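Please find one structure pasted underneath; my questions will follow.
The values are calculated or read from the model by the stated rules, or taken from the named source; none is laboratory data. It should be emphasised that the depicted structure is a prediction, and the values quoted were computed from it without experimental measurement. FYI the Cβ positions are ideal-geometry reconstructions off the backbone, even for glycines, and counts take in every protein chain you see.
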Amino acid sequence: MFLPQLTNKIFSMLLNRIYWLLLLALTLSACASVDLANRRSHTDAIAAQQQWKPIRLPAHPFVLAAYIPSMPVKNEVLSVYIEGDGLAWLTRSQVSTDPTPLNPIGLELALRHSKGTAVYLARPCQYVQGADSVGCKAGYWTKRRFSAEIVSASSLAIDQLKQMFGATKIVLVGYSGGGRLLHCLRQKGQMSFS
């Protein structure tokens, strides 16, 4: 009778340790996927596979990140893919310290663009750090993500891309919150659509 109880107790302790080790492993892997450096390098790698490169666009009070083809081709029509809200929140009540997306869906859509010239525009405060992130405060990716400052900065960045590619017409494609931003750009007359 003593041996089965001892075996059950050892088995129970073993299961308990396995449970905690698995929980620790899952927690560490979750932290790694949220790590800002990993998010940036993941996006850089996706872009580089398609011969695209990151650029920075000063658009007061922000610096916006964009990805463009490494060998830009001037084109009358430029399609600009605008990213969604990214990692604005870690939980329902905890704001992220940086809104850089875990999965850059807007970029992946831009890379699949088959006709004409396309570029990817991150939202303000995504993919920037150091001096480039000076204007970034959590409110700009939570409550004020469609504020006048955000709309104006996005418009300035799009105008720079339009000029860079010699485009006379612009096609905006917004993913998730990027679609809402696109609507705000149109509604506030911040974009010169032609």
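Given the conditions (1) in contact with a helix residue (DSSP H, G or I) (Cβ under 9 Å, 6 or more places away or on another chain); (2) over 16 Å from Leu87 (Cα atoms); (3) not in a helix (DSSP H, G or I), which single one is not true for Ile158?
Unmet condition: (3).
Sticking with this structure for a sec: Six or more apart or on different chains, Cβ atoms under 6 Å: show the pairs whose first residue is in the stretch 169-194 and in the same structural domain as Val151 (by TED's automatic domain parsing) and whose second is at pLDDT below 85 and polar (S, T, N, Q).
Lys169/Ser194
Considering only the stretch 102-158, how many residues are in contact with a Cys (Cβ under 6 Å, 6 or more places away or on another chain) and among the hydroxyl-bearing types (Ser, Thr, Tyr)?
Within the stretch 102-158, the subset in contact with a Cys (Cβ under 6 Å, 6 or more places away or on another chain) is 125, 136, 140-141, 146, 151.
Going one step further and asking which of them are among the hydroxyl-bearing types (Ser, Thr, Tyr), we end up with 140.
Counting residues in the stretch 102-158 that are in contact with a Cys (Cβ under 6 Å, 6 or more places away or on another chain) and among the hydroxyl-bearing types (Ser, Thr, Tyr) gives 1.
I'd like the full set of residues that are under 21 Å from His60 (Cα atoms), touching a strand residue (DSSP E or B) at 6+ places or on another chain (Cβ under 9 Å) and buried (at least 16 other Cβ atoms within 10 Å of the Cβ), limited to the stretch 173-184.
If the condition is that a residue be under 21 Å from His60 (Cα atoms), touching a strand residue (DSSP E or B) at 6+ places or on another chain (Cβ under 9 Å) and buried (at least 16 other Cβ atoms within 10 Å of the Cβ), then Gly177, Gly178, Leu181, Leu182 are the ones that fit.
Tell me the residue from Leu109, Leu78 that is under 17 Å from the mean Cα position of the chain (by Cα) and among the hydrophobic types (A, V, I, L, M, F, W, C), please.
Going through Leu109, Leu78 in turn, just one is under 17 Å from the mean Cα position of the chain (by Cα) and among the hydrophobic types (A, V, I, L, M, F, W, C): Leu109.
Could you look through the stretch 129-138, keep only residues that are assigned to a loop (DSSP other than H, G, I, E, B) and more than 14 Å from the chain's Cα centre (by Cα), and pick out the one that is modelled with the lowest pLDDT?
If we take residues in the stretch 129-138 being assigned to a loop (DSSP other than H, G, I, E, B) and more than 14 Å from the chain's Cα centre (by Cα), then Val134 is modelled with the lowest pLDDT.
On the basis of being closer than 27 Å to Ala131 by Cβ and hydroxyl-bearing (Ser, Thr, Tyr), does Thr97 make the cut? Write out each step before concluding.
On the way: closer than 27 Å to Ala131 by Cβ: yes; hydroxyl-bearing (Ser, Thr, Tyr): yes.
It is true that Thr97 is closer than 27 Å to Ala131 by Cβ and hydroxyl-bearing (Ser, Thr, Tyr).
Does His113 satisfy the criteria of being surrounded by fewer than 20 Cβ atoms within 10 Å (Cβ to Cβ), in contact (Cβ under 8 Å) with a residue 24 or more places away in the chain and out of contact with any helix residue (DSSP H, G or I) (no Cβ under 9 Å at 6 or more places or on another chain)?
Judged against the criteria, His113 is a match.
Scanning for something out of contact with any Phe, Trp or Tyr (no Cβ under 9 Å at 6 or more places or on another chain) and farther than 22 Å from Leu185 by Cα, does the stretch 116-127 turn up at least one residue?
Within the stretch 116-127, one or more residues are out of contact with any Phe, Trp or Tyr (no Cβ under 9 Å at 6 or more places or on another chain) and farther than 22 Å from Leu185 by Cα.
Among (1) assigned to a helix (DSSP H, G or I); (2) small (Gly, Ala, Ser); (3) modelled with pLDDT of 90 or more, where does Ala30 come up short?
Among (1) assigned to a helix (DSSP H, G or I); (2) small (Gly, Ala, Ser); (3) modelled with pLDDT of 90 or more, the lone unmet condition for Ala30 is (3).
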